Each structure stands twice: as structure tokens, then as C-alpha cells.
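What follows draws every value from the coordinates through simple rules; no lab data is involved. Worth saying up front: this structure is predicted, and the values here are computed from it rather than measured. Quick reminder, even Gly has a Cβ in these numbers, built from the backbone with ideal geometry, and neighbours come from all protein chains shown.
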Amino acid sequence: MERTKHKHLLFISSSLISYFFLLFALFISHQFSVANAQNGTQSTVRAGVLLDLGTSSGKRCKTSISMALEDFYAINGNFSTRIELEFRDSMSEVVSAASAAVDLLKNSQVDAIMGPLTSVQTEFVAYLCNRSQVPLLSFSATSPAISPTHLPFFIRANLNDSSQSVPIAAFIQHFGWREAVPIYEESEFGSGIIPSLVDALQSVDTMIPDRVVIATEASDDHIDNKLYRLMTQQTRVFVVHMLPALASQFFHRVQALGMMSAEYVWIVTDSVGDVLDILDPDVKNVMEGVIGFRTYFALSDEVKSFKTRFKERFRQDNPRSEVADPTIYQLWAYDAVWALAKAVEKAEVTNSSFVIPSSDGTSTDLSTLGVSETGPKLLSAILGTTFNGLAGNFRLVDGQLQLLAFEIVNVVGKGTRNVGFWTPDKGIIREIDSPNGSGNANNLKNILWPGDLVVAPKGWVVPTNGKVLRIAVPAKAGFGVFVNVSESTSEVSGYCIDVFKAVLSKLPYSIQYDFFPLSPSSSYNDMVYQVYLKKYDALVGDVTIRANRTNYADFTMPYTESGVSMIVPLQSDSSQSMWIFLKPLTAQLWLISLAFFIFTGFVVWVIEHRINPEFRGTPWQQFGLIYYFAFSTLVFAHKEKLESNLSRFVVIIWVFVVLILTSSYTASLTSMLTVQQLQPSVTDVSQLQKQGDYVGYQDGSFVKELLLNLGFDPGRLKNLTTADDYTDALAKGSAKGGVAAIFDEIPYLKVFLSQYCGNNYIMVGPTYKTDGFGFVFPRGSPLLQDMSRAVLSVTEGEEMTQIEKKWLGNSDKCTSSSTSVGSSSLGFRSFAGLFIITGSVSGLMLLIYIGIFLYREWERLSTLRDDHETPWDIIVAWFKHYDQFDQRSPTFKEYLRSSMSPEGSQGRLERQMGLEGSNSPGNRSDQSAEMSFEFSQGGITPLSGTDSSDISNRGPAEEIELAGQSRE
């Protein structure tokens, strides 16, 4: 505890020492400046200051301006120029301000003017200064109506009111409020913000249903009448733009009428937000929950020091006035003085010089105002001045100070609390140094709303003045299950009505409404347009969400499935073609299966040809073997013995594919031969158009436009009203005055199928996308978001299922039974995976075999390549080499052994050796004595000069070696 006290005392002592040292430095510098002025080293430049000296704001600004001038020359005592201020009291009146300005321009011939405080006074003075080409430096006039574009000598050293329009709109968008009402005072200052505020709100889709103008000298009754009008409306978001005096009176009346309660949102602009901290405590007490925007400035050490010195100086200058911290206006006034002093030094203004126009004795004071010769030069210097001031970086663009950021504050109790910021590049953020803003309300700190609410109001309520919503409903003759209006009692019922009532029950508040049936002759587009004209507050019924309708009204989320399809009758297919055995598979699947049969046989032949005698023979024999082997796998009747594991693996996979393919074919063919076939009479939209058939659509539906866009002949379209009309038209058919198909939205078609489940109708063809049924509200209706959320809550719950069963029946059961119309042909897509597997395996085995062949035979192939010149000859030689029996394979050895044994297949050996027809053993021995063996397409062929008896007497190893030598 003692250590803490010691630290506090040390801090206070150091602060006092620093403060007195600063005062001493200022005093010495001031004395030095006075001495220089007395020695004639500095020139004096006169500047006028217009303030309402009878008001607290005027007194505070005067103190700030005086301190700024003293501080500037205390730091810059060596400047060759020095500003001398001449204060004038504008007395809170435009005429007084103008009179004081004329005095400063005509009599004092000042080089620049600062002030006045209000925009109304500043506008007139700006015209006078522009006439005399004297810069007018304003630090408090915020009205956008006063623009440096039209008044070049007007310099705004503060922010334009329009700069806060975008931040306010961003805050409103932040919480999803769809409507807001501006409330502003009846003055140039009040109306100046409205154009930019309207544009900003419209850019975030926020509607402005009303505007309220309060007279500057309004009585309490006048304000009460305006507030009573607002109470009867549903909007509860208000943007207040007034001067502090009128705003204090206004919020006292708001509190008295009970409008500072739950569900209300009050937002004040910086005209009030900037001075919230110095308002009377009783005013802040009635404003609890109000959101205020005020210009942000960093609380630097310089600002803290200025605040301390300002309160001390203000107490000395105004001993009878209450002392409070300076606001942003005092900081702007301080920076404006520094900017003017820097510009005077930069422009090297020494002596005031005015050109006085000649007078004939009848001129008025205004017409005899002189024109400053130093004004343009000083103006240019001010516009080019930049420095880091108390309120932030002082930089003028197009004659106006640039925005840094806005602080968002919440009035809590008798004080204010920061809840967030807005910057031009980041938008709404929680902290000024946040990396970015996400547009989420959680980015802001907790806000205390009116009525001590901690949850953001929804921004609107159902008016409490007994207003009943006018709900339009379509009155139609057909499909009454959706909307049915009783002719006797005018009672409204139906699927859509029950859904609407269920949605209303999900809202956190009650709504009173009455149904108003519309004429049956009205189209749905006309009904939506009636809502657009605000003849009705909503439209409830089987209204489809369409793009062209959203141009006039807003729709809730859809509560039915979407899409347009067609319904056609089923017909029995009693005639069975003699080619029905081809129907189980599509033509594509037949062709692909054939290709894979051939490919598999070819792969097996390539692998087995060099090592398996059963895969050798004449070219025609081998060609037939490829097809025979592949197709024999259909009935698993292949007898050829496979020698290579590669070919065996290929056949294993292929047999598995064939098994599935044949089983599926058998099942599909059986179904086609035994089950009665029911086929749709029409399956394609193009078929209807080619045949020129009549098609139907529901009367009053947008489906007619869809059919015309699809290219249907308008003369071939028939409008139908009821479900009975549907079945009669389909029963007659197009040739007998009916229709071949009916196009309608899926909910209607499902109802039709459930009612006529046994009449063999089916929904076929493509589904054209739509957005389903939705409830219609006027553009920008605040009910829309809550209704959409409630629609989702209903459609995702069990309640929607009960409503559908009550009105629409179990249409899925009928649809599923109707669509069981027999077996259809099997397509390639069903077996694509199998073909990919067998094709990949066969291709891989073929590549592996080719790789092994090239590796083992590369020396021989290289020799053949060297022995031939042309590429064609090389290819032919390689193919002949591949065509020979592989002498190193075990099959070759076994085959050779069986062929050479005396008791073996002598006749087969003779045929292989070409000795058929020689009956005498002597002849055979004589011939064989001159032959050796070579393997070719025909098997073993003799080579001259080889003794067959020698071959028969050799062992297997010698036979192999001899055969190899013979080949060489």
C-alpha cells in the first residue's frame, strides 16, 4: 500500500513539473517573440474570427483558438510573420454574422476569416469572402450545401455531414434492418445530409418509408404530433440529425411518450454524437440506449496535455461557466489556427492589400467591399498545408478535411461507452486496429438497447393501432386442394392456407389479417402486381416464384418442391417382335460387348501363340480360334488349354464379366417375355413437336409462356382448368380433340396422380427448373425475413408432413406404382465398371507379355534389324520371328519329346515333317536322312542335311541344342 501511494505521488509530482516547465517555455518563447516584434523583425497579418460568444460553444472555441495561436508561436518563435486575431460576435444570427463579416472585410481588411459556428451563418459569410477573395477557414460548418466546388475560397477544416452517411448505412446493414426513418431539423444544416443518407441506405437495400422534419423552434406539441405518427408505423429504426439544443428537447419528448423502450432503435449523427460527453446529465439519462456516431481521434499525449491546459484556461477566461473536456470542434479549431499560421508564413504575407472599387456615392456596403490581393496566394498555401494535428492528420483534398474514422458509442446511464468503429477501408470493426471487419454483429461490443435490451431489436413491429393486414388469395375453379374459396361463406381453406397459418404460428408475435379473394379471371402476374401497388399487404396461394415477378414484389423461401414436367397416358405394348431377344441390351452395350469379346480373344492369342500348339495353325485357323475362344466363354465351353499365367489371369477376369453380363441379360429377357409391358405414349418433348400433337396446360399458369419458349405452336396449346379436364383430355387423345400430354408444375401433377391413381398415367420427360410456391410481400417488407425463417422452420418439421397428407394425399405411392411399366433395356453405364476392369487387366497383361518378349528376344531382334534395310522389312522379319515356336518354353520341350519318341504320335510327326504318302520305311529313312526340323506356322518342318535317325537317338538336351543350331 505504501509503495502504491509513493508511486502515485511520484507520478503527480513529475506531471506537475512537466506542466510548469511547459508553461515556463511558453512564457520565455512568448517574451522572445514580443521582443522580436518590437525590434521590427516580424510582420503582422490580421485574421478575423466569427463566433457566437454568448454560447458555450463559442466560448470554448475562442479559448481553443487563443491557445492554438500561443502554442504555435511559442514553438515557432522565429517565424517572420505573426497572426493577429480580431474576434467578432455573430450573436447566433445570420444577419449579425454577415454584419460582422462585412466589418472585418471592409474596415479591418483581414487576410483570412475563421468561423462562424453554424452552417446557416457560414453559407452567407462564405459568399462574402468569395466576393472579396479572402479565405474562410471553417471548423464547424458541416452542411454539404456549402461546397468548395462552388465557393473556392471556402475551406472546410472539419468533416462534411455526408461523410457519415455510409457509416450509418453500414451499421444499419450490419443488423439486417430493412427500413429506417430519417428525423432532421428544418434548416439548411438538417436537410443537407438527406440526399447522401438516402443514397447510402438504398445502396444496402434499406427502404425509407417516411421522413420527419422538426422545426428548429419546435414546441413540445409539435414534436409530439410527429412522434405519434411514427408510433402508428411499423418501422422502429430512426436516424436523428439535429443540433444539440433541439436534440435535447426531442429526446425528452421521446422519453415522455414511451418511445425509448424495447424494439426501438435510435441513431444520432455526429452533430450530437460529438458532444455527447458534455451534454447535461439529465439529457443523457433520457437517451440511454441511443447509438451515436462521432469523429474518431487518437487520445495521444498531446491531446491529453491540451485537455488539461484547456480546462485550466477555460476556467480563467470564463469563471462562471461549467468546465468540461474539449470536443472535436475545439480540436479542429486548434488545428485550423495552426494551418493558417503555417500558410501565412509559407505565402510570405506581409501587408494586407485590398483593391477598393470606385464608388459613385450610391453604392452599398456590400458593393464597395474590396478584393484582397493576397487572398489567392494565401488560399493556395492553406490548401497545400499538411501536418499532424490534435484531431489527426491535417490534409485537405478539394478544400475539405479527409475522413479518418468514426467511433460508434452507446449511451449508457449518464455516460457513453465505445462499442466499435467504422473506417473507409475496413467498414464496421470492433477495434480501430482490427485487421478487417466481417460484417458480423459479433464484431461489435455488447450494446445496451432502449428498454434495457441486450439483444438487437428486429427494427420493426406490428403496429398497435389495430391495423389488420389485407391478405389476397387467388380464387380459382380447379385444384381447390391448394386454395379453396367457399362461394357461400367466402371461407378460405386449402394446402397453401394451412401452410401460411402454420408459418404465422412460428412468428414471435401475432399478426391480425383478413383474406380477400381475387377475381378468378386475374392472372397470377396481375395478382403480384396488386401487391406491388400496395393494395394488399401480401398474397398467399399457389404462386410460383418467378424472376419477372421479383421485379415487383418479394417472395419468401419456397415451401413446395420446384419444377415443371409433363404427364402422359400409359399404353400396353402387346406386340412382341421376333427380335425381342436383342432388346435386353442397348445397341451401345451390344457393340461394346462384341469389341471386348474380340479384344480378349486377341490378347489370349498373342500371349499363347509362341508357347501353345493349340493356338497355332494356318492364318484362317488362328483367326477363327480368336473368335471361337472368346465367344465360347459365354457358355463356359472353351476347351483350349492355357499355358501362360498371364492369359489365365485375363480369362479369369473375363469369365467373371461374362457371368454377370449373361445373368443380367437372362433376367431382363425373362421380364420382357413374361411381364405385361406398359409404355408411355410419349417420352420426349421433341416427339410432340414433330407429330404436331395438342398439349395442355393449367389455365392462368405461366406454363403457357414456358411452352411457347420451347417452340410449341400456339394453336396447339389448350388451357385446362380442373383435374377432371385433365383426365378427359388425356383420354380423348390429340387425334380426337384432346391432348397427348399435359405440362404443369410438379405439385399439381402429383395431386392429379393421387386422384387418378388407377388410370395409368405417368410423369415423364425432362423437368424444367422453377423455384416452387412462395408467399408474396411488397418490396422491402420487414415481414419478409421473419416469414422466410418461419417457412424453413415449418418445412423442416413434422407439421409440413401432416399438412401434405391432409391435402395432397400419398401421391408417392401412386407415382411409384405407375412408373413400374416393365423392364427397360440395359445400358452400358450399368456395366461400365466391369468393362473398365477387364479392359485394364487385359491391356496390362498384354503390355507385360510384350515387355518380357522384347527383353528375352532383344539380341535376335537386333540381329534381324541389322540384316534388313527398310523399316517394313524389319517389321516383317520381327513378326516372322514372333510367329515361331518359343524353343525355350517347357511346352516346346514336351511337345518335341512326344513328337520324337518312336512310340509317340508317329502319324502326327509324319504330318509335321511332311512325310505323308511315303509308305516304305526305307523311303522315310532316306528322306529323313537329309532333313532337320524347323518350327513354323505348320509346326515342325524338315531342314535338309539332317539325319532324322540321329535326332531320334539324341536326348532332349541335344535335341534342343541341335534345333537351335539349325535355326541359326
Under a plain spin-label model, where a point goes 7 Å from the Cα along Cα-to-Cβ, how far apart in nm are S505 and T44? 8.7 nm
Excluding residues on the same chain fewer than 8 positions from K704, give the lysines whose Cα lies under 25 Å from its Cα. K476, K690, K718, K732, K736, K750, K769
Given H placed on each backbone N at 1.01 Å, which residues far from R46 in sequence or on other chains put an amide H within less than 5 Å of it? E84, D111
Between segment 84-100 and segment 306-362, the Cα center-to-center distance that results, in Å: 13 Å
Here the net charge surrounding E745, from other residues whose Cβ is less than 10 Å away from its Cβ (Lys, Arg +1; Asp, Glu -1), is -2
Ranked T295, T55, criterion: other C-beta atoms within 10 Å, fewest first: T55, T295
Express in nm, to one decimal, how much length is gained between L854 and R789 on full extension, taking 0.36 nm for each residue of separation and deducting their alpha carbon distance. 16.2 nm
How do L570, L331 line up, fewest other C-beta atoms within 10 Å first? L570, L331
Please tell me the relative contact order of segment 694-750 in percent, rounded to the nearest whole number, where contacts are Cα pairs under 8 Å and at least six residues apart. 45 percent
Can you list the lysines whose alpha carbon sits under 17 Å from that of K501, skipping same-chain ones fewer than 8 residues off? K805, K806
The answer for GluC sites (Glu not before Pro) in segment 305-348 that fall in a DSSP coil and have at most 16 neighbouring Cβ atoms within 10 Å is E322, E348
In the neighbourhood of T142 defined by beta carbon distances under 12 Å, the net charge of the other residues (Lys, Arg +1; Asp, Glu -1) is -4
Hey, rough spin-label estimate for I75 and V371, points 7 angstrom out along Cα→Cβ, what's it come to in nanometres? 3.7 nm
What are the semi-axes of the equivalent ellipsoid for segment 624-774, taken as the square roots of 5 times the Cα gyration tensor eigenvalues, largest first, in whole Å? 52, 17, 16
If packing is taken as the average number of other Cβ atoms within 10 Å across a peptide's residues, how do 592-601, 875-884 rank, most packed first? 592-601, 875-884
For the residues D71, D221, what sequence is obtained by ranking on other C-beta atoms within 10 Å, fewest first? D221, D71
